[in-house]
Amino acid sequence: MHLVVGLGNPGTRYAATRHNVGFRVVERLADRCGGRVERKLFGALVGDVMVAGKKTALAMPQQYMNVSGQPTASLLGFFKVPASDMVVVHDDLDLPLGRLRVRVGGGHGGHNGVRDIQRVCGGEFVRVRMGVGRPPPEWDTADYVLSTFTQAESPMVEAMVEHAADAVESVVRDGVAATMNRFNAVRPEPAVST
């Protein structure tokens, strides 16, 4: 079994922000699998689905981003999933918009949600890092990650969400090494409307 944790902030105020792309991927996976992420469990919304033919729990912690660790640890214990079979999906300022990176472990890079999960659960879990780009020089970083994507950015973001959902499915189906080889070098292209 795998546990897939999308990071974000709860509530409609934050739903479309850069910081919430992890939630969007979990919701996309639920849609693909015909499930819903709505059961309240240990401070998270949870859904049980089959991803790539394997039982998978999807989760969105409902505390704010910087305290994602305890709900995540509680879910690992409840589902009896080792941290190595957990996938955390989150935004990343150090990657250009639309770029994806799959990795195991590594530093938190200043991401408070990842930092808190590492503090509580250790660092050896799979991460799907989704590039949201660096803020312009005049922007505060916190304001930037809590801002919404522009209309011009939206097609690339939508492609990235799809690509990240594909990457999570690949981790569950094929393992992390194969997924890293397949996804880390590719930048998703936005769909062209005809």
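The values are calculated or read from the model by the stated rules, or taken from the named source; none is laboratory data. Keep in mind the model is a prediction, meaning the values are calculated, not measured. Because the Cβ atoms are built from the backbone with ideal geometry, glycine has one as well, and the counts that use them run over all protein chains shown.
Some notes on this structure:
- Listed by position, the strands (runs of 3 or more DSSP E) contained in region 77-183 that have at least 3 residues being charged (D, E, K, R) and closer than 19 Å to Arg18 by Cα form an empty set.
- Hey, Gly22 modelled with pLDDT under 95, out of contact with any Phe, Trp or Tyr (no Cβ under 8 Å at 6 or more places or on another chain) and either under 27 Å from Arg173 (Cα atoms) or assigned to a helix (DSSP H, G or I) (or both) or not: no
- Unmet requirement for Leu95, which otherwise passes all of (1) farther than 30 Å from Lys55 by Cα; (2) of a type outside the set (Phe, Trp, Tyr); (3) in contact (Cβ under 8 Å) with a residue 40 or more places away in the chain: (3)
- Residue in region 12-22 that is within 17 Å of the chain's Cα centre (by Cα), among the hydrophobic types (A, V, I, L, M, F, W, C) and over 21 Å from Leu97 (Cα atoms) present: no
- Residue in region 98-115 that is within 19 Å of Gln63 (Cβ to Cβ), under 13 Å from the mean Cα position of the chain (by Cα) and hydrophobic (A, V, I, L, M, F, W, C) present: yes
- Among residues of region 126-153 that are at pLDDT below 90, those with a Cβ under 8 angstrom from a residue that is surrounded by fewer than 11 Cβ atoms within 10 Å (Cβ to Cβ), sequence gap 6+ or separate chain, pair up as Pro135/Asp143.
- Of everything listed in (1) part of a loop (DSSP other than H, G, I, E, B); (2) more than 11 Å from the chain's Cα centre (by Cα); (3) within 13 Å of Val89 (Cβ to Cβ), the single unmet condition for Gly8 is (2).
- Among (1) surrounded by fewer than 21 Cβ atoms within 10 Å (Cβ to Cβ); (2) at pLDDT below 95; (3) closer than 24 Å to Ala177 by Cβ - the single one Val114 does not satisfy: (1)
- Residues of region 55-72 satisfying the condition of being in a helix (DSSP H, G or I), surrounded by fewer than 19 Cβ atoms within 10 Å (Cβ to Cβ) and of a type outside the set (S, T, N, Q): Val67
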